[in-house]
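> Take a look at the following structure, please.
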Amino acid sequence: MATTRRDYYEILGIPRDADEKTVKSAFRRLARELHPDVSDHPEAQERFREATEAYEVLSKSETRELYDRYGHEGLRTGGFRPTDFDLGSLADIFSAFFGDDLLGGFGGRGGRRSRGADVLAEVEIELAEAAAGTRRTVPFPVVVACSTCRGTGAAPGSTPTTCPECDGLGRLQSITNSVFGQVVRTQACPRCGGAGRVVETPCEDCRGNGRVEEERELEVEIPPGIHDGQRIRLSGEGHAGVLGGRSGDVYVLVHVLPDPRFVRDGNDVVSAVDLTVTQAALGATVTVPTLDGDISLDFEPGTQPGETRTLRGKGMPVLQGRGRGDHRVLVNVAVPRHLSDEQRRLLEEFERSEHERNYGEDGGFFEKLRSAFR
């Protein structure tokens, strides 16, 4: 991200309630002004990267909502990473964001490049792996440039020819007269499909498409503290673009499996420990599982059901931040279900010797339960 951390709306020069069309128009205007190909201003490249990042965020409803509510920090913790463009071609960047229909005068003869589609892959990890961070090899199908024809679509020894229908422009224009004046319509050339080239002898491996599908595997680094349902973007690893256009991205959707020992509450984890009636009354040392392994906890005599013990810094790591949440241990007192005659006699004798001061009020059970999940 840009180091100046300027407001994205300020960068694009638009109000906070700007609609999608206004956002798009503002970025296109700034891109034409600031791209290094057309501007010699010493700060043009950095300002262009700022504008590109601002458009990436504000043009998508999910990232825009996250930014509006939580700012730059919300984007960072939510896993957003700006696309790393090489700034080599303004047409490539416009194509990546808008598609070929919005390139305007930036396309040249011989057809236009178009960005490849994105790929969605999924991976499942355990909660303990989400806490520690892990690496996974993720398989997915992807379309790549054909190695036989090197993406041209033409059989080896031949080359594509300029489309005679559109003269290599990839589009056709028609002009009609109306009561409002002349109306100019532009459409993709039906013969070459907008490529501007015609393959007379198609490559046998890709059948003239220039791309083939293959299975690919990528090792993905999953950061500590990731939440269930978050995505990791692998820039440029998706489907190959057309005519040498930029490849799409791979989005890895992370599923964090439920852990029978813990319930996640933001960056905290909550677990329960079962004490017998005698352990709660007399005190006990009990082994409790945590994300870092088992530990021993001492419970004082008279421990009540619903009490919580907070283990500071034993929860989930803060995603791409510092520190960890807490681990809250909720006490449950287990009551025996099947008593022998002797046990029943002893309990009845104990009941007769009881006094109200042994059960002083210290807060209700449900209040303790609510406190455990705050």
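The values are calculated or read from the model by the stated rules, or taken from the named source; none is laboratory data. Please read all numbers here as calculations on a predicted model, not as lab measurements. As a convention, Cβ positions derive from the backbone with ideal geometry for all residues, glycine included, and neighbour counts pool all protein chains shown.
> Can you tell me which residues in region 202-259 are more than 18 Å from the chain's Cα centre (by Cα) and under 21 Å from PRO317 (Cβ atoms)?
Those that are more than 18 Å from the chain's Cα centre (by Cα) and under 21 Å from PRO317 (Cβ atoms): PRO258, ASP259.
> Name the residues in region 147-173 that are modelled with pLDDT under 85 and surrounded by 15 or more Cβ atoms within 10 Å (Cβ to Cβ), would you?
Across region 147-173, the qualifying residues are GLY151, THR152, GLY168, LEU169, GLY170, ARG171, LEU172.
> Based on this model, can you work out whether LEU330 counts as of a type in the set (A, V, I, L, M, F, W, C), surrounded by 10 or more Cβ atoms within 10 Å (Cβ to Cβ) and out of contact with any helix residue (DSSP H, G or I) (no Cβ under 8 Å at 6 or more places or on another chain)?
In short, no.
> Taking the residues in region 124-168 that are basic (Lys, Arg) and assigned to a strand (DSSP E or B) as candidates, determine which candidate is nearest to GLY238 (Cα to Cα).
Ranking the qualifying residues of region 124-168, first place goes to ARG136.
> Let me ask something else about it. Would it be correct to say that ARG324 is of a type in the set (Lys, Arg) and surrounded by fewer than 19 Cβ atoms within 10 Å (Cβ to Cβ)?
no
> Within region 237-329, considering only strands (runs of 3 or more DSSP E) that don't extend past its boundaries, which have at least 1 residues that are under 30 Å from GLU56 (Cβ atoms) and not charged (D, E, K, R)?
Filter on region 237-329 gives 250-256.
> Still on this structure: Which residues, counting only those in region 6-21, are surrounded by 11 or more Cβ atoms within 10 Å (Cβ to Cβ) and farther than 19 Å from LEU75 by Cα?
Correct list: GLY13, ILE14, ALA18, GLU20.
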